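First comes the structure, then the notes that go with it.
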Amino acid sequence: MWVIGAAAVVVAIAVAVASLAGVVMLGMDQAHQAPWVRLHGGAAWLASSQTGQLTLLDGASAEVAARVPVAPPGAPLRSGQFGSTGYTLNQRDGSVVRVDGATLQPSNPAPLSADRIFPAAQALYALDSARGLLTPTDPATLTPPRRSALSRG
């Protein structure tokens, strides 16, 4: 009886090894593929934490069009974009830098105390998820909008 049990164990191991080998072989064609970003005719701003730069990629040529220093090298960065304007969030201090798409000039860092940014046409929204605050700021000056006397209540 023990011989039949040992044979069943050997068969089970062989089936498991063959199944694992099949899964590995099927996945090998995708193991080292980098994701593709299709830019077409536009451009994209990408943040590089290692260099502390915001990099503009040209979609038509798929080449780097500009590199703009926005933070010290090694600072954890996130990027955002609206139209040709790029924004970068320094996650270490919560500051945001705006890079004009026409002049490629960076703004001074604006202390927004954010951990996420959402650029839009009328505002750049800065989210502080720890405090549960979503603050609209002027997308050109990175300053909060002025409150009117009526809104002070």
### Message
Based on this model, can you work out whether ARG98 counts as out of contact with any helix residue (DSSP H, G or I) (no Cβ under 6 Å at 6 or more places or on another chain), surrounded by fewer than 17 Cβ atoms within 10 Å (Cβ to Cβ) and of a type in the set (D, E, K, R)?
### Response
no
## Note on the structure
Of (1) farther than 22 Å from ALA114 by Cβ; (2) in contact with a strand residue (DSSP E or B) (Cβ under 8 Å, 6 or more places away or on another chain), TRP45 satisfies every one except (1)
### Message
Let me spell it out: the conditions are (1) out of contact with any Gly (no Cβ under 9 Å at 6 or more places or on another chain); (2) at pLDDT 90 or above, and SER148 meets all of them except one. Which number is the exception?
### Response
(2)
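Would you pick out the residues in segment 117-137 that are loosely packed, with under 15 Cβ neighbours inside 10 Å and in contact with a Leu (Cβ under 8 Å, 6 or more places away or on another chain)?
To start, the set of residues in segment 117-137 that are loosely packed, with under 15 Cβ neighbours inside 10 Å comprises 120-122, 129-134, 136.
If the condition is that a residue be loosely packed, with under 15 Cβ neighbours inside 10 Å and in contact with a Leu (Cβ under 8 Å, 6 or more places away or on another chain), then LEU133, LEU134, PRO136 are the ones that fit.
The values are calculated or read from the model by the stated rules, or taken from the named source; none is laboratory data. The model shown is predicted, which means the values in this text are computed figures rather than measured ones. Quick reminder, even Gly has a Cβ in these numbers, built from the backbone with ideal geometry, and neighbours come from all protein chains shown.
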